[in-house]
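Q: This is the structure I want to talk about, given as structure tokens.
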């Protein structure tokens, strides 16, 4: 096998067991979740409602899970903070589980390779 | 291309294919577990809390998840169906994301310094593939759930589904409306995934340079 194909195979193997950067994944997930809830709330506030009718009564029910959240610009900021925390934790758990599964698998492969290299003769 | 080179390319393709199969199972299992636990937790909280709003959210999810509702039994149903649904969603998204992995595999890993026997690397995300995968899954999900309501014959009474038109203009609880809504949802999810991949790659890159 020449060097180029050896390098390519090394890249494929690295990709197969590559770990996710947990902190980066959690940050990205937090940013995406925060942005989504913020945009959604601001869009509903911007759209408004006829006089006497509450703005976004269904979205406002999120306050049951996120105390302090409301369909207003201030509420959007509070919601973004909550969504960021929830998204960050979910991202952290997902990335950690991914890394743990791959570490476990790689460990099993290493142990099996070591065992098969021993001769019982 | 000569015969040995063709043979090596075929081996590489097999290796990539095996990697995709393995990681599809792992990602599906992880997302399934997380979805199941999330649905379980929501049902438990709704069962414990007396507020009707929490129950409403869980009941609405129960339209699509058989047996799901506030309380212990509903939580167990949510755990099971969440694992199945989340698992299929995760597996599907991973499959679509890695469809052309072979052609851009160099962009998907960043090697780490290390003198171990195995090449250690950090995964990099391809925003376009991720956006297409998540966008497609979301869009298909919206078409599926909307038309499930149509098939059930409850589309006319689905006031909560109709609320989606507030954020997806043109959406309605019927086939044409679901296609319009799905197209819009695809664009939204695609953009969010682009942002997600951009932030992840930037933060991961910066952390790797510092290390």
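Q: Is it fair to say residue B:104 is closer than 24 Å to residue B:11 by Cα and more than 9 Å from chain A (Cβ to nearest Cβ)?
A: In short, yes.
Q: When residue B:83 is evaluated against the numbered criteria (1) surrounded by 21 or more Cβ atoms within 10 Å (Cβ to Cβ); (2) assigned to a loop (DSSP other than H, G, I, E, B); (3) more than 13 Å from chain A (Cβ to nearest Cβ), which criterion, by number, is the only one it fails?
A: Here residue B:83 meets the rest and fails (2).
Each row is one residue, and each column tells you yes or no for (1) closer than 30 Å to residue B:119 by Cα; (2) over 13 Å from the mean Cα position of the chain (by Cα); (3) in a helix (DSSP H, G or I); (4) in contact (Cβ under 8 Å) with a residue 12 or more places away in the chain.
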position: A:26; (1), (2), (3), (4): yes, no, yes, yes
position: A:29; (1), (2), (3), (4): yes, no, yes, yes
position: A:32; (1), (2), (3), (4): no, no, yes, yes
position: A:40; (1), (2), (3), (4): no, yes, yes, yes
position: A:79; (1), (2), (3), (4): no, yes, yes, yes
position: A:87; (1), (2), (3), (4): no, no, yes, yes
position: A:102; (1), (2), (3), (4): yes, yes, yes, yes
position: A:108; (1), (2), (3), (4): yes, yes, yes, no
position: A:112; (1), (2), (3), (4): yes, yes, yes, no
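Q: Sticking with this one: Please state which of the following conditions residue B:114 fails to meet, knowing it meets all the rest: (1) at pLDDT 85 or above; (2) under 30 Å from residue B:210 (Cα atoms).
A: Of the numbered conditions (1) at pLDDT 85 or above; (2) under 30 Å from residue B:210 (Cα atoms), the odd one out for residue B:114 is (1).
Q: What are the residues in region B:197-211 that are under 24 Å from the mean Cα position of the chain (by Cα) and either crowded, with 20+ Cβ neighbours inside 10 Å or within 7 Å of chain A (Cβ to nearest Cβ) (or both), if any?
A: Of everything in region B:197-211, those that are under 24 Å from the mean Cα position of the chain (by Cα) and either crowded, with 20+ Cβ neighbours inside 10 Å or within 7 Å of chain A (Cβ to nearest Cβ) (or both) turn out to be B:197, B:199, B:200, B:201, B:203, B:204.
Q: Within the group A:44, A:74, A:53, which residue is more than 11 Å from chain B (Cβ to nearest Cβ) and part of a helix (DSSP H, G or I)?
A: The conditions single out A:74.
Q: If I filter region B:139-153 down to residues being in contact (Cβ under 8 Å) with a residue 60 or more places away in the chain and in contact with a helix residue (DSSP H, G or I) (Cβ under 9 Å, 6 or more places away or on another chain), which single residue comes out as surrounded by the most Cβ atoms within 10 Å (Cβ to Cβ)?
A: Ranking the qualifying residues of region B:139-153, first place goes to B:149.
Q: What is the number of the single condition among (1) touching a helix residue (DSSP H, G or I) at 6+ places or on another chain (Cβ under 8 Å); (2) facing chain B (nearest Cβ under 9 Å) that residue A:69 does not meet?
A: The failed condition is (2).
Q: Determine, yes or no, whether residue B:136 is buried (at least 17 other Cβ atoms within 10 Å of the Cβ) and away from every other protein chain (no Cβ under 14 Å).
A: So residue B:136 fits the description; yes.
Q: Here's a follow-up. Name the residue, out of A:18, A:24, A:30, that is within 24 Å of residue B:33 (Cβ to Cβ), buried (at least 21 other Cβ atoms within 10 Å of the Cβ), at pLDDT 95 or above and at the interface with chain B (Cβ under 8 Å from one of its Cβ atoms).
A: Testing whether each residue is within 24 Å of residue B:33 (Cβ to Cβ), buried (at least 21 other Cβ atoms within 10 Å of the Cβ), at pLDDT 95 or above and at the interface with chain B (Cβ under 8 Å from one of its Cβ atoms) leaves just A:24.
Q: What number goes with the only condition from (1) out of contact with any helix residue (DSSP H, G or I) (no Cβ under 7 Å at 6 or more places or on another chain); (2) within 11 Å of chain A (Cβ to nearest Cβ) that residue B:189 does not pass?
A: (1)
Q: Looking at B:73, B:107, B:112, can you tell me which residue is touching a residue at least 24 places away in the same chain (Cβ under 8 Å), out of contact with any helix residue (DSSP H, G or I) (no Cβ under 6 Å at 6 or more places or on another chain) and surrounded by fewer than 19 Cβ atoms within 10 Å (Cβ to Cβ)?
A: B:112
Q: Could you tell me whether residue B:46 is buried (at least 18 other Cβ atoms within 10 Å of the Cβ) and closer than 28 Å to residue A:100 by Cβ?
A: No.
Q: Evaluate the following for residue B:122: is it away from chain A (no Cβ under 12 Å), at negative phi and touching a helix residue (DSSP H, G or I) at 6+ places or on another chain (Cβ under 9 Å)?
A: So residue B:122 does not fit the description; no.
The values are calculated or read from the model by the stated rules, or taken from the named source; none is laboratory data. The shown structure was predicted, so the numbers you read here are calculated from the model rather than taken from an experiment. So basically every Cβ, Gly included, is an ideal-geometry build from the backbone, and we count neighbours across all protein chains shown.
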